[in-house]
1. Being hydrophobic (A, V, I, L, M, F, W, C) and either part of a helix (DSSP H, G or I) or more than 11 Å from the ligand (Cβ to nearest atom) (or both) is the filter here; which residues of region 172-217 pass it?
2. Name, by its number, the condition in (1) more than 12 Å from the ligand (Cβ to nearest atom); (2) crowded, with 16+ Cβ neighbours inside 10 Å that does not hold for residue 247.
3. Say whether the condition of being of a type in the set (A, V, I, L, M, F, W, C), part of a helix (DSSP H, G or I) and out of contact with any helix residue (DSSP H, G or I) (no Cβ under 8 Å at 6 or more places or on another chain) is met by at least one residue in region 224-239.
4. Please determine whether any residue of region 155-163 is surrounded by fewer than 15 Cβ atoms within 10 Å (Cβ to Cβ), outside any strand (DSSP E or B) and not assigned by TED's automatic domain parsing to the domain that holds residue 73.
5. For residue 38, which of the numbered conditions (1) under 21 Å from residue 253 (Cβ atoms); (2) touching a strand residue (DSSP E or B) at 6+ places or on another chain (Cβ under 9 Å); (3) among the polar types (S, T, N, Q) fails to hold?
6. Condition first: within 22 Å of residue 25 (Cβ to Cβ) and without any contact (Cβ under 8 Å) to a residue 40 or more places away in the chain. Can you find one or more residues in region 196-215 that meet it?
7. In this structure, is residue 62 in contact (Cβ under 8 Å) with a residue 60 or more places away in the chain, of a type outside the set (A, V, I, L, M) and in contact with a Gly (Cβ under 9 Å, 6 or more places away or on another chain)?
8. Considering only residues that are within 12 Å of the ligand (Cβ to nearest atom), in contact with a Phe, Trp or Tyr (Cβ under 6 Å, 6 or more places away or on another chain) and not hydrophobic (A, V, I, L, M, F, W, C), which ones fall in region 218-230?
Amino acid sequence: MDKFAEAVANKFLTLMNQGVAPWRQSWNSQCALPANFSTGKFYQGMNVWALMLAGMERGFMSPLWGTYKQLKAAGYQVREKEKGTTIHWFGYSEREQKDGSVKRISSHKIFTLHNLCQCNVIETGLPWAPSEPTKDWNIEKAEQVVSKYLTATSMKVVHGVPAYFPGLDHISMPTKSEFQTVENYYSTMFHEIAHSTGHGSRLDRDLNPLAKDVHSYSVEELSAEFTAGMLCAATGVSNQNTDESSAAYLKHWAAKLSEDPKILQTAIKNAQKAFEFVMGV
Ligand SMILES: [Zn+2]
């Protein structure tokens with residue numbers, strides 16, 4: 001595992017040992033999934049979690065980030081002594097060869113980002129402040145994501161305990177009114193939707209653990225947890241107070257992750273793909 005992934009994994013473990021599930025939070029700003037402040041594009045993979053954990057650790061109230069230069073050009077001055085957060089970018093650059101052909105070369109860049117909360121607005125000299133979210137914007141957003149996905153996949157939803165049945169390719173869910181809060185309903189629905197993205201006709205993940213035990217301590221389960229966490233963060237739905245975030249549950253996961261840290265990388269990778277699939281249907 002590379003050093004960056006290792007550092008993220010260690011932060012996960014520290015929080016989990018303190019009884020905090022980093023993927024279960026009360027997302028308190030308009031859109032809590034880390035995004036670039038100027039393009040609005042979400043960061044991806046391990047970077048999502050590196051930024052989210054940095055934000056949690058330092059109490060940032062904004063999911064928006066940028067490089068020092070980008071921020072300055074847009075009228076934001078990073079305050080003195082504010083520490084940046086590193087992200088890694090993996091992609092391809094194209095290089096022209098002597099014979100005129102173009103070769104794709106894998107490329108790796110490291111960027112240091114600052115959160116908008118670490119900036120002053122140059123024009124006023126005052127700290128940047130997030131705007132107040134409007135009422136219920138998050139529920140509307142969550143409903144849009146759910147109904148779009150269910151329609152696009154022709155997913156059948158039957159009444160029952162929360163589960164996804166890979167063989168039948170259907171979701172079972174209690175009704176909205178059976179949940180303590182409407183946010184609980186959406187975060188649970190996101191979790192089951194996340195499992196359903198693994199069906200053979202979609203992203204084709206190994207869903208065998210679900211056939212034996214609906215919500216097990218498998219990589220698939222952690223992938224679904226992370227996907228739901230990302231969907232909740234992107235829509236602003238709080239997924240903090242559920243039974244599953246209990247201390248025992250986290251202790252078990254922490255033990256499992258320290259035994260095999262690769263699980264975390266696989267789950268993060270799966271979750272990124274599942275998140276993009278759900279948002280892109
Ligand atoms: Zn599950």
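The values are calculated or read from the model by the stated rules, or taken from the named source; none is laboratory data. Just so it is clear, the model here is predicted, and its values are computed rather than measured. Ideal geometry is used to build each Cβ from the backbone, glycine not excepted, and the neighbour counts take in all protein chains shown.
1. Matches in region 172-217: 173, 179, 182, 189, 190, 193, 194, 203, 210, 211.
2. Unmet condition: (2).
3. Taking every residue of region 224-239 in turn, none turns out to be of a type in the set (A, V, I, L, M, F, W, C), part of a helix (DSSP H, G or I) and out of contact with any helix residue (DSSP H, G or I) (no Cβ under 8 Å at 6 or more places or on another chain).
4. Among the residues of region 155-163, at least one is surrounded by fewer than 15 Cβ atoms within 10 Å (Cβ to Cβ), outside any strand (DSSP E or B) and not assigned by TED's automatic domain parsing to the domain that holds residue 73, which makes the answer yes.
5. The one condition residue 38 does not meet is (1).
6. For region 196-215, residues within 22 Å of residue 25 (Cβ to Cβ) and without any contact (Cβ under 8 Å) to a residue 40 or more places away in the chain: absent.
7. When the stated conditions are applied, residue 62 passes them.
8. 225, 227
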